[in-house]
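Below is one structure, written out as structure tokens, with a few remarks after it.
No lab work stands behind these numbers, since they all come straight from the coordinates. In this text, all values refer to a predicted model and were calculated from it rather than measured experimentally. Using ideal geometry, Cβ is built from the backbone for each residue, glycine included, and neighbour counts are taken over all protein chains shown.
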Amino acid sequence: MLTKDKEKGTSIAAVLPSTHIISVDVEDYFMVEAFASSVSLDSWGSRPSRVVMSTLRVLDLFDAYSVKGTFFFVGWVADKFPSLVREVHARGHELACHSYWHRTVYSQTPDEFREDTRAAVRAIEDAAGVKVFGYRAPSWSITKDCLWALDVLAEEGFRYDSSIYPIHHDLYGVPGARRFPYTHRLKDGHSLLEFPPATVRLLGQNLPCAGGGYLRIFPLAYTHWVFRTFQEDYGESVVVYFHPWELDPDQPRIREKLKSRLRHYTNLDGMKNRLEHLLQTYSFQPFCEVAGVGGGPALQTVGEGENCQGVARQCS
Ligand SMILES: [Zn+2]
């Protein structure tokens, strides 16, 4: 699809034909870590849920631009709304796992993490009748303190992870981690592909650039510069992520500290236009097509440090 880039008056897609990866973390607005001190897990069932409506909004948006992506479901959502899981699958998207209770991994023991993950996988797989291969931790919470989680994921049959954010942040991140897709070599000969969310290098730092609040709040020109940098300089795919509640400016407001409210509520009004701009300008695909799982060609093990393009070539 060729469209005009309004900012430059040229067709970006015509000169930069790479395909990127788009993903959606399917959770309700009250499940986020920033509100965890104000919203108890016990209260989830009595709060007005908006996740079905907002996820259908995402599905319609993707359909409008013929885009397929990966939807990481919170298991609690899959249990409560199994028809939503089926709808996402029926519209041709990949289903993946975003924990059951959306608790940070580093706050759990390995046994608790395994139990939470199994409950989520069961809910998603029971709802749609398909196997789940991908995992994304709530709040990017696989950090240096809990790398054991990767062993658990591999033992539980996951083939890829997208949870390690190579940035400095007060809640998450592994600042020195690799910035492009790679393979974890784990216990007992297991391996797990890792797809980090996109970052750019600026002034000696890794900066987040293509997901959630960073996508909503930073100028659109910055986002376009990121895509151009990935395609022209890095030769890599941009890993994009966002949440259905980011397309829901009318969601109930939760009283929290100012920093949390700024992160959650800034520019919710503008997110739909932002996403439409990206969807019409660039090409996207789900993780499974790159990782070669879920009906795609058999997963090929790539060498340590081999990049996303290497994987894509082996699967094409
Ligand atoms: Zn989440």
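If I stretch the segment between ASP151 and ARG47 completely, what's the gain in nm (0.36 nm per residue apart, minus their alpha carbon distance), one decimal?
33.9 nm
Please compute the length gained on full extension between HIS169 and ASP188, using 0.36 nm multiplied by the number of residues separating them and subtracting their Cα-Cα distance.
Taking HIS169 through ASP188 to full extension adds about 3.6 nm, to one decimal.
What FRET efficiency comes out for TRP101 versus THR266 if R0 is 35 angstrom and r is the Cβ-Cβ distance? Round to the nearest 0.05.
Computed FRET efficiency for TRP101 and THR266: 0.85.
Is there a pair in LYS131/LYS259; LYS68/LYS131; LYS80/LYS272; LYS144/LYS257; LYS68/LYS187; LYS187/LYS259 whose C-alpha atoms are over 29 Å apart, and which pairs would that be?
With Cα atoms farther than 29 Å apart: LYS131/LYS259; LYS68/LYS187; LYS187/LYS259.
Counting only other residues whose beta carbon sits under 12 Å from that of ALA154, what net charge do I get with K and R as +1, D and E as -1?
Computed value for this residue: -2.
Does the chain classify as rounded, prolate or oblate by the C-alpha gyration tensor (a ≥ b ≥ c root eigenvalues; a/c under 1.5 gives rounded; else a/b over b/c gives prolate, otherwise oblate)?
In terms of gyration-tensor shape, rounded.
Taking the inverse of the average 1/r across all pairs of different Cα atoms in region 158-246, what Kirkwood radius in Å do you get?
Result for region 158-246, one decimal place: 14.0 Å.
Return a whole-number percent for the relative contact order of region 188-266, with Cα pairs under 8 Å and 6 or more residues apart as the contact set.
For region 188-266, the relative contact order is 28 percent.
Report the Cα centroid-to-centroid distance between region 83-157 and region 18-52 in angstrom, as an integer.
14 Å
Just to confirm a number: summing +1 for Lys and Arg and -1 for Asp and Glu over residues other than TYR234 whose beta-carbon lies under 11 angstrom from that of TYR234, what do you get?
Cβ neighbours under 11 Å give a net charge of 0.
Using per-residue counts of other Cβ atoms within 10 Å, averaged over each peptide, order 260-266, 225-231 from highest down.
By packing density, highest mean first, the sequence is 225-231, 260-266.
Counting only residues 5 or more places away or on other chains, whose amide H sits under 5 Å from the amide H of SER23 once H atoms are built in the peptide plane?
Residues meeting the criterion, in which the H sits 1.01 Å from N, are THR70, VAL240, TYR241, PHE242.
For region 74-80, just list the computed ³J(HN,Hα) in residue order, Karplus coefficients 6.51, -1.76 and 1.60, θ = phi - 60°, integers in Hz, with x standing in for Gly and Pro.
Listing the rounded values in order: 5, x, 4, 5, 5, 5, 7 Hz.
With a ≥ b ≥ c taken as the square roots of the eigenvalues of the C-alpha gyration tensor of region 46-140, please select rounded if a/c is under 1.5 and otherwise prolate if a/b is larger than b/c or oblate if it is not?
Verdict is prolate for region 46-140.
Once you keep just the Cα pairs under 8 angstrom separated by 6 or more residues, what percentage relative contact order results for the chain?
23 percent
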